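*Asks:* I have a structure here, written as structure tokens, and I will follow up with some questions on it.
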Amino acid sequence: MKIYKVGDKQKAVCESCQSLTGATFMLRDVPFSDGSGIVKNVLAGVCDSCKEVVLIPHQSTPAIKKQLDTQKKAVETRVPAHMVDILNLASVELGGSTDFSNALIKYYLHNLSEQKTSVKGLIKYLESDLAKGVAQKRISLKGRQVSKEIDNIKFKTSIGSTTDVLKAVVLKINDDVFVHPKTQLINSLKGVAAAFA
Ligand SMILES: [Zn+2]
């Protein structure tokens, strides 16, 4: 594998200039292709004419991966112990192991955020008796989308805190799986659990 140094030159195709141009390796901040963030200070080939990043050498991959992993900062919150029990019970009911719990919450967060599942009624779970209790257990969710999705749900429901969003989601899971079982949803969740296992 060829290792490039800052200042090395290489021919590259530049999409902006729509031609084969000279590129010079420099340290650059490079945005993710989906626009959801930026990787800082990685070696990249920069077009000599328009200064756009036109190539990322293989040697930059570990540095990029490291930054992506750090940016996947976990959303941490504390909830009453029975919330974690509900999640574990639901995971097992759906055919998964307790490892499926976090994926289950993320599935709900995603669907609520995208409004594939209605957020209406979410806030009413917070008035129920099961919403009460001392916050003694931790829920920790990783993923670059998670905090954005929680913010979306806050905005749509006027639920103020992350903890309350997660409590409401857990109680919705309890409702959908155990209290008023939704057969169709349960079947698709079983599919997700099977794929996850
Ligand atoms: Zn160019």
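*Asks:* Residues being hydroxyl-bearing (S, T, Y), near the ligand (Cβ under 10 Å from one of its atoms) and under 11 Å from G45 (Cβ atoms): count how many of those fall in region 1-27.
*Replies:* Residues meeting the conditions: 1.
*Asks:* Does any residue in region 52-79 that is under 12 Å from F32 (Cβ atoms) and in a loop (DSSP other than H, G, I, E, B) come within less than 8 Å, Cβ to Cβ, of a residue that is more than 16 Å from the ligand (Cβ to nearest atom) and of a type in the set (A, V, I, L, M) six or more places away or on a different chain, and which pairs are these?
*Replies:* I56/V42; I56/L43; I56/I64
*Asks:* Still on this structure, please answer the following. Take L104 and tell me if it is closer than 23 Å to T157 by Cα and buried (at least 20 other Cβ atoms within 10 Å of the Cβ).
*Replies:* Here the answer is yes, as L104 does meet what is asked.
*Asks:* Now for a separate question. Can you give me the number of residues within region 181-197 that are assigned to a loop (DSSP other than H, G, I, E, B) and either of a type in the set (A, V, I, L, M) or under 13 Å from F100 (Cβ atoms) (or both)?
*Replies:* 1
*Asks:* Quick one: Q59 ticks every box in (1) at pLDDT below 90; (2) more than 16 Å from the ligand (Cβ to nearest atom) bar one, so which box is it?
*Replies:* Among (1) at pLDDT below 90; (2) more than 16 Å from the ligand (Cβ to nearest atom), Q59 violates only (1).
*Asks:* Would it be correct to say that A44 is of a type in the set (A, V, I, L, M), within 10 Å of the ligand (Cβ to nearest atom) and without any contact (Cβ under 8 Å) to a residue 60 or more places away in the chain?
*Replies:* Answer is no for this residue.
*Asks:* To continue, here is another question. With respect to E93, is the statement that it is more than 16 Å from L141 (Cβ to Cβ), open to solvent by 70 Å² or more (accessible area, probe 1.4 Å) and within 16 Å of the ligand (Cβ to nearest atom) true?
*Replies:* Working: more than 16 Å from L141 (Cβ to Cβ): yes; open to solvent by 70 Å² or more (accessible area, probe 1.4 Å): yes; within 16 Å of the ligand (Cβ to nearest atom): no.
No; evaluated as a whole, the condition is false for this residue.
*Asks:* Just name the residue that is modelled with the lowest pLDDT out of those in region 25-44 that are under 16 Å from T70 (Cα atoms) and part of a strand (DSSP E or B).
*Replies:* Going residue by residue through region 25-44, those that are under 16 Å from T70 (Cα atoms) are 29-32, 36-42.
If we keep only those that are part of a strand (DSSP E or B) as well, we get 29-31, 38-42.
Values: D29: 92, V30: 88, P31: 80, I38: 84, V39: 87, K40: 90, N41: 92, V42: 93.
Selected residue: P31.
The values are calculated or read from the model by the stated rules, or taken from the named source; none is laboratory data. Computed from a predicted model, the values in this text were never measured in an experiment. Neighbour counts are summed over all protein chains in view; Cβ atoms, including those assigned to glycine, are modelled from backbone coordinates with ideal geometry. Calculation scope for accessible area: heavy atoms of the full protein, side chains included, ligands and nucleic acids excluded. Shrake-Rupley method; radii C 1.70, N 1.55, O 1.52, S 1.80 Å.
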